[in-house]
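Report on the following structure.
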Amino acid sequence: MEGDRMKTLVASMDGKGPADALHAVAELQKEVSRTEASLVRAARQGGLSWEAIALCLGVSKQAVHRKYGKR
């Protein structure tokens, strides 16, 4: 599950030096990106419009369509 991986990455930052914490942040960003893409696909397959997805993500309809519309 995506949430478990993200929790593990966040927890791995505790007590780490800046370099290790930055590495964990980079991995967390990748995981968030993969999770977002998966959820957008599921939302589209579930019938949500680009406008509704954009509203959920706090971006414009054009931005979300440009990022995910060709997948």
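The values are calculated or read from the model by the stated rules, or taken from the named source; none is laboratory data. Just so it is clear, the model here is predicted, and its values are computed rather than measured. Here the Cβ is made from the backbone with ideal geometry for all residues, glycine too, and neighbour counts use every protein chain on show. Note: accessible area is taken over every heavy atom of the protein model, side chains too, but ligands, DNA and RNA are not part of it. Shrake-Rupley method; radii C 1.70, N 1.55, O 1.52, S 1.80 Å.
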All but one of (1) in a helix (DSSP H, G or I); (2) more than 20 Å from Val10 (Cβ to Cβ); (3) of a type in the set (D, E, K, R) hold for Lys70; which doesn't? (1)
Those residues of region 1-58 which are of a type in the set (A, V, I, L, M), open to solvent by 60 Å² or more (accessible area, probe 1.4 Å) and either in contact with a strand residue (DSSP E or B) (Cβ under 8 Å, 6 or more places away or on another chain) or within 20 Å of Lys70 (Cα to Cα) (or both), in sequence order: Val32, Leu39, Leu48, Leu55, Leu57
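Quick grid of which residues meet (1) at pLDDT 95 or above; (2) outside any helix (DSSP H, G or I):
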site: Arg5; (1), (2): no, no
site: Thr8; (1), (2): no, no
site: Gly15; (1), (2): no, yes
site: Leu22; (1), (2): no, no
site: Val25; (1), (2): no, no
site: Leu28; (1), (2): no, no
site: Ser38; (1), (2): yes, no
site: Cys56; (1), (2): yes, no
site: Ala63; (1), (2): yes, no
